[in-house]
Amino acid sequence: MVKMMKDKLNPDKLPKHIAIIMDGNGTWARRRGLSRNYGHRKGAIVLKDIMLHAAKLKIKYLTVFAFSTENWKRPQEEVNYLMNLPKEFLNEYEEEMVSEDIRLHWVGSKNRLAEDLIKQIERVAERTKANKGLTFTIAFNYGGRDEIINAVNNILKEGRKEIALEDFNQYLYSQELPDVDLLIRTSNQVRISNFLLWKLAYSELYFTDVLWPDFRPKNFEKAIIEYQRRERRFGGIK
Ligand code: FPP
């Protein structure tokens, strides 16, 4: 048994916004002779556990990368499976989100997404919008460059010729989210992969070789403890 490290967490120094790149579902499945889709299914269950744990720890924002604008390049069968996962996730865990005071939010492009999927996400987001605990954001059909270009095009459509740094955020899909404090990526991949580019500017990065289906609340806490050891300077000096 690995000892829980909760006692070392400083509840007064929690990262406000944690983002996760949930990598390694395919590797996890392959090592067991299972299909990649089985790995994604297991990944969704792990995601539910981490979402509930983040809410319990009183983290304010958790954002997860569930489908990138580049994931359309995967085999059709896998894309179909991934497209269906948010529906299953919400069917299975909607009531828990309501009872645990979790607000559902989505960031990404509507381009190519099925109407019924968008409707379901919007319905649960509406139902949970007054919840005051964790804001749980699913980045689905999301790409960081796509988000920035979409913002720029909307600015141009308004006929503006210039934009102030502090005004740019309001054009982003992720306009409601604060800057990311801690980015976690699993499966020994050391990349940003076009995730939340604007909001990651000063994030602390945490990489682990644990595969996403093996990621547990204790691994999540370990990442937070590591974050709490870091000294954040935002370009200044101590
Ligand atoms: C990357 O692993 C993972 C994904 C592209 C999908 C992540 C999705 C989930 C964990 C579940 C999503 C849940 C909801 C609510 C939509 P990979 O398949 O690239 O792994 P590999 O690098 O080992 O092949």
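Derivation of every value follows stated rules applied to the coordinates shown; laboratory data play no part. These numbers come from a predicted model, not from an experiment. Please note: Cβ atoms are built from the backbone with ideal geometry, for glycine as well, and neighbour counts cover all protein chains shown.
Before moving on, here are some points about what is shown:
- For the chain, alpha-carbon Rg over 2.2 N^0.38 Å: 1.02
- Theoretical FRET efficiency, 1/(1+(r/R0)^6), r = Cβ-Cβ of Lys157 and Ala201, R0 35 Å, to 0.05: 0.85
- Whole-Å semi-axes of the ellipsoid equivalent to the range 89-170 (Cα gyration tensor, √5λ, descending): 29, 16, 10
- Using a cut-off of 27 Å between Cα atoms, the listed pairs Lys87/Lys222; Lys16/Lys238; Lys16/Lys222; Lys8/Lys87 include Lys87/Lys222; Lys8/Lys87 as exceeding that distance.
- Loop chymotrypsin sites (Phe, Trp or Tyr not before Pro), the range 165-238, which have at most 13 other Cβ atoms in a 10 Å radius of their Cβ (DSSP): Tyr202, Phe234
- Debye log10 I(q)/I(0) for the range 10-116, one point scatterer per Cα, at q = 0.17, 0.19, 0.23 Å⁻¹: -0.92, -1.11, -1.42
- Since only Ile138, Ala151, Leu14 are under comparison, the one whose Cα sits farthest along the positive direction of the charge dipole of the chain, derived from C-beta charges on Lys, Arg, Asp and Glu, is Leu14.
- The trypsin sites (Lys or Arg not before Pro) of the range 136-165 that meet both conditions, a loop assignment by DSSP and at most 14 other Cβ atoms within 10 Å of the site Cβ, are Arg160, Lys161.
- With both labels modelled 7 Å from their Cα along Cα-to-Cβ, the Arg216 to Ile148 distance reads 3.9 nm.
- Relative contact order (%) - the chain, alpha-carbon pairs under 8 angstrom, separation at least six: 29
- Counting only Cβ charges, +1 for Lys and Arg and -1 for Asp and Glu, the dipole size of the range 19-155 around its Cα centre is about 340 debye.
- Summing +1 for each Lys or Arg and -1 for each Asp or Glu among the other residues whose beta-carbon sits under 13 angstrom from that of Ser187 gives +1.
- For the range 19-178, the residue among Leu62, Leu85, Val107 whose Cα projects farthest onto the positive side of the dipole built from Cβ charges is Leu85.
- Alpha-carbon Rg/Rh ratio, for the range 73-130, with Rh computed the Kirkwood way: 1.01
- Remark: the range 150-209 carries a charge dipole of roughly 300 debye about the Cα centre, counting +1 on each Lys and Arg Cβ and -1 on each Asp and Glu Cβ.
- Taken about its Cα centre, the chain carries a charge dipole of roughly 680 debye when the Cβ of each Lys and Arg holds +1 and the Cβ of each Asp and Glu holds -1.
- Equivalent ellipsoid, the range 34-75 (semi-axes from 5 times Cα gyration tensor eigenvalues, Å): 25, 15, 4
- Cα centroid separation - the range 129-161 against the range 101-122, whole Å: 13
- A simple rule links phi to the HN-Hα coupling: the Karplus curve 6.51 cos²θ - 1.76 cosθ + 1.60 with θ = phi - 60°, which for the range 167-181 gives 8, 5, 3, 5, 9, 8, 4, 8, 4, 7, 9, x, 4, 6, 8 Hz, with x for Gly and Pro.
- Viscosity 0.890 mPa s, temperature 25 °C, Stokes-Einstein D of the range 156-238 from Kirkwood C-alpha radius, µm²/s: 161
- Cα-based Rg of the range 103-146 normalised by 2.2 N^0.38 Å, two decimals: 1.20
- Lys73-Asp12 FRET efficiency (beta carbon distance; Förster radius 41 Å; 0.05 resolution): 0.40
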